[in-house]
Each structure stands twice: as structure tokens, then as C-alpha cells.
Amino acid sequence: MRYNRQIILPEVGEKGQEKLGQAKVLIIGAGGLGAAILPYLAAAGIGEIGIIDDDFIEISNLQRQVIYKSDAVGKSKALEAREMALSLNPLIQINAITDTLNAKNAIPLFEQYDIMVDATDNLHTKYLINDACVVTHKPFVYGSIYKFQGQVSVFNFQNGPTYRCLFPDESSNSKNCVDAGVMGISVGIIGMFQANEVLKMVLGIGNVLSGELLIYNMLNNDQQKFDLVKTNMIAVSRLDFEKKYNIVASPVLEISAKEALEEIENPDVLFLDVRNKEELPKVNFTNSIQIPLADLEENLDQLDSNKTILVYCQSGMRSKKAAGILRNHSFSKVQSIAGGALKLEGVMAKVSVF
């Protein structure tokens, strides 16, 4: 049995394995930390894992991002990570999101998952993750590397301290691994600590690193923990979040995947796939066309403005951007399909459209 070695642990058991199978975890970043976190969560049987990253694999990544092969250079990190994870465990669901995490998509995305895992090396993104987790009442597992030292903590867990309690000064400056350098083993160790916190939270075992900051030194194996106090007591609403990040309400209308599928035989409807050609799952309709988002404005002449255009991407985020572009170019009958190709595939599987 695939999970037998962990099921025989009294702290896990069959019920614990069921909890893992029902859990939904989002990994933000498919670089060094993400490459260490993903395979172990997938192997443990986390039922649904999302991984968001808009970056492409470079030769310099291979020294520490060990899930990628040399022949994958130039390919999407999120898509390659998904392929690796599914080859490791085909029994789970992996959602590859080839977008940048930003203020507009963070909250809708976080609402779909139970736990967020920070695998980024960008301070601005860490504050964004924190704020979106506070709004959605979701915990996030923090990880950070500087040269031979790593940090791990869990923020916003059961109303515990947030990232802003530890780092209140958002204007501070910190070097990332590109500037400071990093050993591949460093991201592996810290990524393992992060994956461990995820499993503990899902299973409800051990002591979660909430209210504590773990600092690990790779050179001398020193490990220290410091207590954190919740200092940021101000509740953040979704409106507060939108004001802080200057989010303007989108005029783009959405349609559900189920409603969209009712139009697959309608000659007055055109399905527009704005994903890149290599992205999965493949969702093909007779009345569809594929134009990647980056090429959309240059190919508007391929679209009939008299038709209703239903736009989809991988998860429903890029499609909103595409719908906005079309509306700005006088396409009046445009809707974004909520949930994108992943939702379409799920609905089709349930109703056996094909």
C-alpha cells in the first residue's frame, strides 16, 4: 500500500491519511523551496496541491531546484513541477498555475486552499501572502534563506502572530538568493521544515511553529527558536485589503463552468483559451480558439466581435485579464469562465459531456 509506512504510525493511522487526502495546500513559488516542499507533500498524499509560479526554468536553477531536469530548461516551472509530482503520485490532484501571485488574484486563490506555503524570495510577495491570509483566515508557512541560514515559522495559525508581527517595517530591504548566493542543500533543509509544518497542521499532531521563529544555521547545525508576540491586532477586511493594494473592482462578468458548457453547441458562442499551448488539461471544443494571453492584443482580428466570447485559462485568473483586454477593444459580449480549464474538466467528468 502506497501510504502504509505512515499509516502504521499511531499519530497518523487511517483517519490521518484521510485528512491528508482531503487537504488542499497552495505552494507559492516553484523555485528552490518549492522544489523541496512539493514532492514530499505529494508523496504523503495531500489530496490537492496548487503550485503558482510564472517563471521559466534556467540552467542556474538546476543547482538547487532538483525536481527539474536539464532538458527542461526554458519550460514553465509550474507545469514541469506538476508533471513531476503526478509521476510521483498520480492519485492526487496538482493544479499548475502559471501566473504571478498579485493583489487581484491572491484572495480568490487563497479561498480555494486550506494552507498557504511561502516558497518565495521576494519581500513584497511575503507581505502580500500575509495580508491575503489574514483576510481569508488561512495560515501560511513561512520560509526564508540567506546564505547559510534559514528561517521557518507559521503565521496566522488559529489567530496567532502574523508576518507583520515579526517584520513590521515593510520598507526594509533584503537580498534574495540571486544577490547573496545560496547552497542547494540550504533550500532543501528549510523546505523540509516547511513541509513538516504543513503535515502537522493537517494531522493535528505535534507543536506547530506558531508564535515561534526557527532559525537554522547550515554551517554549524545550530538551531534556535525565538518566541513571537502578536503585536498587529488590527483586523483586516477585504475592503481594507483592496484599498491598500489599490484594487479597482473589475467590470468583467464571470460565468460558471457548468453554464459555459451548456453553450458548446451554440454557433453564436466562441470559446477562447488564453493559456499557452503546452498547458494541461486539454479542453477542446468545436467552437474554440487558442490565443495565449501574451499574444492576444496582436491577434484580435481572429475573433468575431458579434459572438459571445467565453474566455478561460488554467484557473480563471488570466481569463479575467483577457476579458478586460477584449472589453477595452470594444468586444462587448465577453465573459470569463470561473475556475478555468481545471473547473471545466471537473464538470465534464461529472456529467460525461464527452
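The values are calculated or read from the model by the stated rules, or taken from the named source; none is laboratory data. If you're wondering where the values come from, they're calculated on a predicted model, not measured in any experiment. Every residue, glycine as well, gets a Cβ built from its backbone with ideal geometry; the counts of neighbours run over all protein chains shown. Keep in mind that these areas ignore ligands, DNA and RNA; they rest on the heavy atoms of the full protein, side chains included. Shrake-Rupley method; radii C 1.70, N 1.55, O 1.52, S 1.80 Å.
Can you order the peptides 54-61, 206-213, 159-166, 92-99 by their average number of other Cβ atoms within 10 Å per residue, highest first?
For the peptides 54-61, 206-213, 159-166, 92-99, the packing ranking is 92-99, 159-166, 206-213, 54-61.
Determine the sum of side-chain charges near Ala35: Lys and Arg each +1, Asp and Glu each -1, restricted to other residues whose C-beta is under 15 angstrom from that of Ala35.
Cβ neighbours under 15 Å give a net charge of -2.
For each pair in Lys104/Lys282; Lys147/Lys230; Lys77/Lys277; Lys69/Lys277, compute the distance between the two Cα atoms and list the pairs where it is over 18 Å.
Distance filter (> 18 Å) returns Lys104/Lys282; Lys147/Lys230; Lys69/Lys277.
Just the Cα atoms of region 161-310: what Rg and Dmax do they give in Å?
24.2, 68
What label, among (1) 0.98; (2) 1.14; (3) 0.94, belongs to Rg/Rh (Cα atoms, Kirkwood Rh) computed from the structure on display?
Comparing each candidate, only (1) matches the computed number.
In terms of solvent-accessible area of protein heavy atoms at a 1.4 angstrom probe, what is the ranking of Arg82, Arg2, highest value first?
On the way: Arg82 45, Arg2 125 Å².
Ranked list, largest accessible area first: Arg2, Arg82.
How do the peptides 308-319, 26-37, 277-288, 123-134 rank, highest first, by the average count of neighbouring beta carbon atoms within 10 Å per residue?
Ranked from most to least packed, the peptides come out as 26-37, 308-319, 123-134, 277-288.
Sort out for me the Cα centre separation of region 264-281 from region 50-82, rounded to whole Å.
Between the Cα centres of region 264-281 and region 50-82 lies a distance of 26 Å.
Among 219-230, 142-153, how do they line up from the highest to the lowest mean number of other beta-carbon atoms within 10 Å?
Answer by packing, highest mean first, reads 142-153, 219-230.
Bin by bin, in steps of 10 Å, what percent of the Cα pairs in region 271-354 do you find, going until the bin that has the longest distance?
For region 271-354, the pair-distance distribution reads 19, 55, 23, 3.
About its Cα centre, what dipole magnitude does region 17-172 give when the only charges are +1 on Lys and Arg Cβ and -1 on Asp and Glu Cβ, stated in debye to the nearest 20?
Numbers: 12 positive and 17 negative charges, 51 e Å.
Charge dipole of region 17-172: 240 debye, to the nearest 20.
I'd like the carbon and sulfur percentage of the solvent accessible area for the chain, probe radius 1.4 Å, heavy atoms only, ligands and nucleic acids excluded.
Details: 8770 of 17240 Å².
The value for the chain is 51 percent carbon and sulfur by accessible area.
Tell me the mean residue ellipticity at 222 nm calculated for the chain from its helices only (DSSP H runs of n ≥ 4, each -39500 (n - 2.57), averaged over every residue, nearest 500).
Calculated mean residue ellipticity at 222 nm is -10000 deg cm²/dmol.
Only Lys, Arg, Asp and Glu count, each charged at its Cβ (+1, +1, -1, -1), so figure out the dipole size of region 204-346 about its Cα centre, rounded to 20 debye.
Values: 16 positive and 20 negative charges, 96 e Å.
Roughly 460 debye, rounded to the nearest 20.
Would you mind working out the accessible area per residue for the chain, using a 1.4 Å probe, and quoting it in Å²?
49
Relative to the Cα centre, what is the charge dipole magnitude of the chain, using +1 at the beta carbon of each Lys and Arg, -1 at the beta carbon of each Asp and Glu, and rounding to the nearest 20 debye?
Dipole size: approximately 640 debye.
For region 24-113, would you read off the P(r) tail past 20 Å as a percentage of all alpha carbon pairs?
In whole percent, the share of Cα-Cα pairs in region 24-113 beyond 20 Å is 30.
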